[in-house]
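These notes are about the structure you will find just below.
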Amino acid sequence: MRRGLYPGTFDPLTLGHLDIIRRATRMVDELIVGVAISAGKSPLFSLEERCQLAEEEIAVIADPSCKVLVQTFDGLLVHYAREIDAQLLVRGLRAVSDFEYEFQMVGMNSQLAPDLETVFLMSDIRYQPIASRLVKEIARLGGDVTAFVSPKVAEALEAKFAI
């Protein structure tokens, strides 16, 4: 069985994230969406909220031939990948700046875990400008985020900012 890991904070889960998840399910038998605890980033949504939103959204888009699980993790990514026996690390790329950061990360990860392959999926052109931090800022200022997130996530953002 080929197991993949798509890690992230998912604060909030965007349409870009969902696109990468949907496409990654075609590459593996099982995909773990690893929701990073990331306390240092001071996420808007609690860990439980991020996991719940991810589970609800993934249920709608997942390929039935691939089992998709949402799990939380903390600490070094390669340790978690080994813990769950992932062979493939899935990362999404939107722009050159993403590539530069991810290129460094894959170099370090390959030194720490040479058996863990990293696959980069380019964002669909429709989702390239979407970034979670920008979505939160738009929502905080009362803007319309429905082009960037699912209706459930938009509703959750509205509730967070009491719009």
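The values are calculated or read from the model by the stated rules, or taken from the named source; none is laboratory data. Being a predicted model, the structure only gives us computed values, none of them experimental. In this analysis, Cβ positions are derived from the backbone assuming ideal geometry, glycine residues included, and neighbour counts consider all displayed protein chains.
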- Query: Here are some residues: Ser65, Ser97. Which one is at negative phi and either assigned to a helix (DSSP H, G or I) or among the hydrophobic types (A, V, I, L, M, F, W, C) (or both)?
  - Reply: Ser97
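For every residue, the table says whether it meets (1) out of contact with any helix residue (DSSP H, G or I) (no Cβ under 6 Å at 6 or more places or on another chain); (2) more than 24 Å from Thr25 (Cβ to Cβ); (3) crowded, with 16+ Cβ neighbours inside 10 Å; (4) of a type outside the set (S, T, N, Q).
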residue	(1), (2), (3), (4)
Asn109	no, no, yes, no
Glu117	yes, no, no, yes
Leu121	no, no, yes, yes
Tyr127	no, no, yes, yes
Leu134	yes, yes, no, yes
Gly143	yes, yes, no, yes
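State all residues of the range 106-129 that are touching a Ser or Thr at 6+ places or on another chain (Cβ under 8 Å) and within 12 Å of Gly92 (Cα to Cα); if no residue qualifies, say none. Steps first, please.
Taking the range 106-129 as the starting set, the residues that turn out to be touching a Ser or Thr at 6+ places or on another chain (Cβ under 8 Å) are 106, 109-110, 116, 118, 127.
Of everything in the range 106-129, those that are touching a Ser or Thr at 6+ places or on another chain (Cβ under 8 Å) and within 12 Å of Gly92 (Cα to Cα) turn out to be Thr118, Tyr127.
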- Task: Inspect all residues belonging to the range 77-90 and state whether any of them is surrounded by 12 or more Cβ atoms within 10 Å (Cβ to Cβ), at pLDDT below 90 and small (Gly, Ala, Ser).
- Result: no
- Query: Scanning the range 1-48 for residues that are among the basic types (Lys, Arg) and touching a strand residue (DSSP E or B) at 6+ places or on another chain (Cβ under 8 Å), which turns out surrounded by the fewest Cβ atoms within 10 Å (Cβ to Cβ)?
  - Reply: Arg2
- Can you tell which of Gln71, Gln52, Gln111 is in a helix (DSSP H, G or I), over 23 Å from Thr146 (Cα atoms), polar (S, T, N, Q) and at pLDDT 90 or above? Gln111
- Query: Which residues, taken from the range 22-37, are assigned to a loop (DSSP other than H, G, I, E, B) and free of Cβ contacts under 8 Å to residues at least 60 places away in the same chain?
  - Reply: Thr25, Arg26, Asp29, Ile37
- Residue within the range 123-140 that is part of a helix (DSSP H, G or I), in contact (Cβ under 8 Å) with a residue 24 or more places away in the chain, of a type in the set (A, V, I, L, M, F, W, C) and touching a Pro at 6+ places or on another chain (Cβ under 7 Å) present: yes
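In the range 141-156, how many residues are in a loop (DSSP other than H, G, I, E, B) and either among the aromatic types (Phe, Trp, Tyr) or out of contact with any Pro (no Cβ under 7 Å at 6 or more places or on another chain) (or both)? Quick ask: steps written out before the conclusion?
So in the range 141-156, the residues in a loop (DSSP other than H, G, I, E, B) come out as 141-150.
Those still in the list that are either among the aromatic types (Phe, Trp, Tyr) or out of contact with any Pro (no Cβ under 7 Å at 6 or more places or on another chain) (or both) too: 141-148, 150.
Total satisfying the criteria: 9.
Here is a list: Asp19, Asp11. Which entry is in a loop (DSSP other than H, G, I, E, B) and farther than 27 Å from Gln111 by Cα?
Working: Asp19 fails: in a loop (DSSP other than H, G, I, E, B).
The unique qualifying residue is Asp11.
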